[in-house]
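To start, the structure under review is shown below, and the notes come after it.
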């Protein structure tokens, strides 16, 4: 692969990661656990293979993401884009099951936000309570030996 092609692919990969919310988000869409592999591809430490490009082109809305401007096919084929296929442990799930899991994730995210807010409020209450308790305590004077 030429240096120009490699640079183009890395640039487009970085733009895609930004568009999807970061390297970790893109990594998960490609079936990786995190964004480390995506970062390595963007940094040129790993190649962006045809298989990776095909996986990205199979994602809805990104079917020509790595095509250079003006490099489209000479004859426009009327082929519908391939549906994005789940990978890894999700490959055995039906579309309905995946939709259900996405709904559950949304609900869990909402619960997480609610509980974080609730915990933050309780922590503030606890700090205020401890300030009152500590201000009412008489602490013994320290001696040189205590230091």
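The values are calculated or read from the model by the stated rules, or taken from the named source; none is laboratory data. Fair warning: this is a prediction, and the values are worked out from it, not measured in the lab. Cβ coordinates were reconstructed from backbone atoms using ideal geometry, including for glycine residues, and neighbour counts include every protein chain displayed.
Checking the structure you have, find out if any residue of the stretch 90-98 is over 23 Å from residue 29 (Cα atoms) and either surrounded by 10 or more Cβ atoms within 10 Å (Cβ to Cβ) or modelled with pLDDT of 80 or more (or both). Among the residues of the stretch 90-98, not one is over 23 Å from residue 29 (Cα atoms) and either surrounded by 10 or more Cβ atoms within 10 Å (Cβ to Cβ) or modelled with pLDDT of 80 or more (or both), which makes the answer no. Report, ordered by the first and then the second residue, all pairs with beta carbons closer than 8 Å, sequence separation of six or more or different chains, a first member in the stretch 42-53 that is in the same structural domain as residue 11 (by TED's automatic domain parsing), and a second member that is loosely packed, with under 12 Cβ neighbours inside 10 Å. Listed pairs, sorted by first residue: 47/1.
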